[in-house]
Structure formats: C-alpha cells, structure tokens
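The values are calculated or read from the model by the stated rules, or taken from the named source; none is laboratory data. The shown structure was predicted, so the numbers you read here are calculated from the model rather than taken from an experiment. Methodologically, a virtual Cβ is constructed for each residue, glycine included, from the backbone with ideal geometry; neighbour enumeration extends over all protein chains shown.
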Amino acid sequence: MPGAASGASGLALIAAFHLASVLAMAFVIASAPDPSGQVALVYSPFSASGEAFRQAAATGGRIVRVGRKPWIVVVAPDPDNAAFAAQARASGAWLQLNPVIAGGCAPKRGVKLVRS
C-alpha cells in the first residue's frame, strides 16, 4: 500500500513541525527579560563542579543563586553594563534565560534564599 506509507511520513512531518514550533515558542518565552533584571546563565552540564559559578562570576554581575542544576547560575547584572550579554557569552554561557519562566532555574528544595 504505497498510500499508507506516504500518509505515515506526512503525519510524521506534521508532528515534527509541531514539536519544533512548540520548542521554539518555549525558548522565545523563556528568553523574555525578567522585570527584576535577573538572568539565568546556563553553562555546559559537563563542566567540573563549581566551574559554572566561577564562569558566572567572571561576568561582573552579582550572583543571586545556583539553579536546580549546578550548571545554571542566576545573576543580577549591573543595569549600567550594556556589555553584559557579550560578557556572559565570553564566559562560556550557552543560554541566557529568564529565571522565573525557565523553571529549571529555581533553587533546589530545602535551600533558603537570603535577601540582602
């Protein structure tokens, strides 16, 4: 049945396009700026323990917390630093996300946040 094979490949193509669209929309939403100005910097998950923290410190921003995974660090950049995004990329950040929308950037359970 040649019609069944082409129908199945057409459905697979539609499903793949739908999945890609949903993922693209999620990325765009997660990339929206946080009103507090904080940014979740996502580094390589294969880096050594503490390396993401050291890399985030190199951006010049104030480190707020580490995310659920040790390669995610939430930073509050200096509002006057227009070069922060470039500094984050230069420090090795793979992604810069809104920490509120990107749920994986929330602190681990049981971690108490200290407000300064």
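Pairs are defined by a Cβ separation below 7 Å, a sequence spacing of at least 6 or placement on different chains, a first member in the stretch 89-100 that is closer than 16 Å to GLN38 by Cβ, and a second member that is of a type in the set (S, T, N, Q) and at pLDDT below 85; the pairs so defined are LEU97/SER31; ASN98/SER31. Where strands (runs of 3 or more DSSP E) fall wholly inside the stretch 31-99, the ranges with 2 or more residues that are touching a Leu at 6+ places or on another chain (Cβ under 7 Å) are 39-42, 72-76. Filtered by the rule that a residue be at pLDDT 70 or above and over 12 Å from the mean Cα position of the chain (by Cα), the stretch 89-116 gives ARG89, ALA90, SER91, GLY92.
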